[in-house]
Amino acid sequence: MASKAIYEATGKDIITRHIAPGTALVPCRIAVFEQDTVWEDEIGKNPWITKEKLVVKPDQLIKRRGKLGLVGVNLTAAEVRRWLGDHSGKEQQVGAAVGKLRRFVVEPFVKHDDNEEMYLCIQSGRRSDTILFHHQGGVDVGDVDAVAVRLEVPVDTFPSGEDIEQLLLKNLKSATVKRLITTFVLSLYQVYVDLHFTYMEINPIVVTGERIYLLDLAAKLDQTADFICAKNWGEVTFPPPFGRDAYPEEAHIADLDAKSGASLKLTVLNRSGRIWTMVAGGGASVAYTDTVCALGGAAQLANYGEYSGAPTESQTADYARTIFSLMCRERHPDGKVLIIGGGIANFTNVADTFRGIITAIETYKDALIQYNVTIFVRRGGPNYQEGLRQMREVGQRLRIPLYVFGPETNMTAIVGLALGQSPIPPEHQLDYAPKQLPKPEPAPAPKLELPELTPALLDLVCSQAPTRIDLGQPLTTARPLFTDRTKAIVWGMQNRAIQGMLDFDYICRRAEPSVVAVVYPFTADHKQKYYFGNKEVFIPVFSDMDVAMRKHQEATVLVNFASLRSAYDSTMQAMQHSQINTIVIIAEGIPENMTRKIIKVADARGVNIIGPATVGGIKPGCFKIGNTAGMIDNIIDSKLYRPGSVAYVSRSGGMSNELNNILSKEADGVCEGVAIGGDRYPGTTFLDHLLR
């Protein structure tokens, strides 16, 4: 998730440093105390602590600290020190979460009246930002969604002072306060946009003596904008939610992810849990986690994460060693299970990643046996047969109970096996396996009562849908994405993906390749050789997109493999050409503000955007995008060379490929499939494609 919460002290520091001069905001002064902070050292850095009355509170993403009795107000330095001694390291329950208080902020106490407290919030949406204001704030503000005044600010626009004063602040009586808040909100919104905030709540904001004070702040930043804002943000930490400690292993995987073009994620949920996962793909990781919970294993689920996007053998080995290191620290009376799962990969070489996992298994073989770990594997995709063979071999050689399944097995079926709720199939029994795993108490199945779908009920649902769901473009603008005559330009020298598109064209019996040109700004114009069946074809490569578009007016699709740093500019450039009706943005990690601007322009120009963070889509028998649907053998097995009857929309590239496989077995196949991408604001939504 790109939107990440930050410490209150971090948010106030960013605002103080970057808000424009001329507002009435009093610069925030904050001292941070952690468990290893030396009191005298902090006093030396912040001498005001001994001279003023103070406020002290935890800074660990805890909501409603005042209601929980976690705010010390109007205290002397000595009283703050005693307060810290009473609370530091103590366990605290916040809702269902229980954690230790470890980090605190100390600020000057602002003397004011209750009627000087107000509420201000800015939050991002798909097509606009929303500024909420209520003339009463503080711990008793109540349901702000119900009482606050709202001002919608469309993407890539800026509110006027008149709108803020007359619409947002209409319930304020004092002209002076209106003037001060108007100037402040305008400046604060500029900071919000420029520094890629996604959420900012100030409760209360206090105006007293014609000065503005930020008493409490909750804020989130778009983590993917780090390459734009790192210098202005300064040192930013994205802390875990209260009640869940940060682990060095998580930081290690985050660092590995930052240095890789692949996606490597890890969150430790319960280090004492017996159910561990190592799942390939973001969508698959959700499906496996959901299945573990549905089968009653939520309390024993130890971690969440994914490895995807073709990590190298060494990166996968590092990731697996990190998982094994965490697993093999505490014993569990019933032993532990590791689920190495995943869908059918589009382009990740399964054998390569499995070799990395095998290296880690060999390193930890004694610990895995000592801690009674049983491993379940399910995977498909490029070179999966060799990967599964190697997994079976290492289990036999090291005498580790390791059960291996391929794409012929339902993707999440191994979860029931791992939790002991399904018997191991006879053909997968191991002569060296331990006794059948203990069966945990299953969670009670939820009762689902569906009403009879009468014509009257159907009319009711259809009549309500437009008022409940953002429909986006009117239905009259919807056009088919692809046909058997679709021609595409590819941005980026992605030879494997381009060759895969041409191979698909050939087995679909297209007369000509679907790719007519390649744009690659880092080379001179030339022609690149590919194969179309048993013939060689030469596709022109241009250093300038405008030249490519001008010379290939027949192209209506841009498949954009540009990096997250250049995907925005190249997409905006492509939308200047009226011939383009569909753009596919492959890159992951594009800042949300950029994506929202792309959506705004695309809506105005009638362009379909697929992505960002997508593998693309496919129209069997007609056209496929990039690496979608994987290798030729999978395309043939899933019967994607001819149209079927079922269309689907997915968030995930891996799950799209899994659907291709399922629909070829349970129905007559796919007529069209689109993966809209995993970002918070995909260019086109589920509903856009379902209506189309």
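Under the condition of being outside any helix (DSSP H, G or I), in contact (Cβ under 8 Å) with a residue 40 or more places away in the chain and not acidic (Asp, Glu), the residues counted in segment 1-36 number 21. Quick check: is even one residue across segment 575-585 assigned to a helix (DSSP H, G or I), in contact (Cβ under 8 Å) with a residue 60 or more places away in the chain and out of contact with any His (no Cβ under 6 Å at 6 or more places or on another chain)? No: segment 575-585 contains no residue that is assigned to a helix (DSSP H, G or I), in contact (Cβ under 8 Å) with a residue 60 or more places away in the chain and out of contact with any His (no Cβ under 6 Å at 6 or more places or on another chain). Quick test of your reading of the structure: Gly273 fulfils all but one of (1) assigned to a loop (DSSP other than H, G, I, E, B); (2) under 20 Å from the mean Cα position of the chain (by Cα). Name the failing condition by number. With respect to (1) assigned to a loop (DSSP other than H, G, I, E, B); (2) under 20 Å from the mean Cα position of the chain (by Cα), Gly273 is out only on (2). Here Arg81 fulfils each of the conditions (1) more than 36 Å from the chain's Cα centre (by Cα); (2) within 22 Å of Ile212 (Cα to Cα); (3) open to solvent by 30 Å² or more (accessible area, probe 1.4 Å) apart from (2). So which residues in segment 7-43 are under 30 Å from the mean Cα position of the chain (by Cα) and among the basic types (Lys, Arg)? Once the filter is applied, which keeps residues that are under 30 Å from the mean Cα position of the chain (by Cα) and among the basic types (Lys, Arg), segment 7-43 yields Lys12, Arg17.
Residue by residue through segment 363-378, note down the ones that are among the basic types (Lys, Arg) and out of contact with any Pro (no Cβ under 9 Å at 6 or more places or on another chain). The answer is Lys365, and nothing else. Does segment 129-150 contain at least one residue that is hydroxyl-bearing (Ser, Thr, Tyr), more than 21 Å from Tyr213 (Cα to Cα) and open to solvent by 20 Å² or more (accessible area, probe 1.4 Å)? No, segment 129-150 has no match at all. The residue list Thr348, Thr277, Thr374, Thr316 contains one member that is closer than 23 Å to Arg496 by Cα and open to solvent by less than 10 Å² (accessible area, probe 1.4 Å), which is Thr316. Each residue in segment 584-608 was checked for being in contact with a Gly (Cβ under 8 Å, 6 or more places away or on another chain) and within 27 Å of Phe197 (Cβ to Cβ), and 9 of them qualify. Number of residues in segment 586-635 that are within 15 Å of Glu672 (Cα to Cα), open to solvent by 10 Å² or more (accessible area, probe 1.4 Å), out of contact with any helix residue (DSSP H, G or I) (no Cβ under 8 Å at 6 or more places or on another chain) and not in a strand (DSSP E or B): the value is 2. For first residues located in segment 523-538 and within 13 Å of Gln499 (Cβ to Cβ), partners that are part of a strand (DSSP E or B) and among the aliphatic types (A, V, I, L, M) and lie 6+ apart or on another chain with Cβ distances below 7 Å form the pairs Gln528/Val518; Gln528/Ile539; Gln528/Val541; Tyr530/Val537; Tyr530/Ile539. Residue count for segment 656-692 satisfying the condition of being open to solvent by 20 Å² or more (accessible area, probe 1.4 Å), touching a helix residue (DSSP H, G or I) at 6+ places or on another chain (Cβ under 7 Å) and free of Cβ contacts under 8 Å to residues at least 60 places away in the same chain: 0.
Being in a loop (DSSP other than H, G, I, E, B), more than 24 Å from Phe33 (Cα to Cα) and among the β-branched types (Val, Ile, Thr) is the requirement here; does Val153 meet it? No, not satisfied. Within segment 180-239, the set of residues being more than 24 Å from the chain's Cα centre (by Cα) and among the hydroxyl-bearing types (Ser, Thr, Tyr) comprises Thr182, Thr183, Ser187, Tyr189, Thr208, Tyr213. Quick one: count up the residues across segment 126-165 that are under 30 Å from Asp603 (Cα atoms) and out of contact with any strand residue (DSSP E or B) (no Cβ under 9 Å at 6 or more places or on another chain). Final tally of qualifying residues: 6. For segment 494-532, give me each residue that is part of a strand (DSSP E or B) and open to solvent by less than 30 Å² (accessible area, probe 1.4 Å). Within segment 494-532, Val515, Val516, Ala517, Val518, Val519, Tyr530, Phe532 qualify. Among the residues making up segment 290-313, those that are open to solvent by 10 Å² or more (accessible area, probe 1.4 Å), over 17 Å from Gly342 (Cβ atoms) and in a loop (DSSP other than H, G, I, E, B) are Leu295, Gly296. Would you confirm whether any residue within segment 235-244 is in a helix (DSSP H, G or I), aromatic (Phe, Trp, Tyr) and over 24 Å from Pro333 (Cβ atoms)? The answer is no; no qualifying residue exists.
The values are calculated or read from the model by the stated rules, or taken from the named source; none is laboratory data. As the structure is a prediction and not an experimental result, all values here were calculated from the model. Here the Cβ is made from the backbone with ideal geometry for all residues, glycine too, and neighbour counts use every protein chain on show. The accessibility values were calculated without ligands, DNA or RNA, using every heavy atom of the protein model including side chains. Shrake-Rupley method; radii C 1.70, N 1.55, O 1.52, S 1.80 Å.
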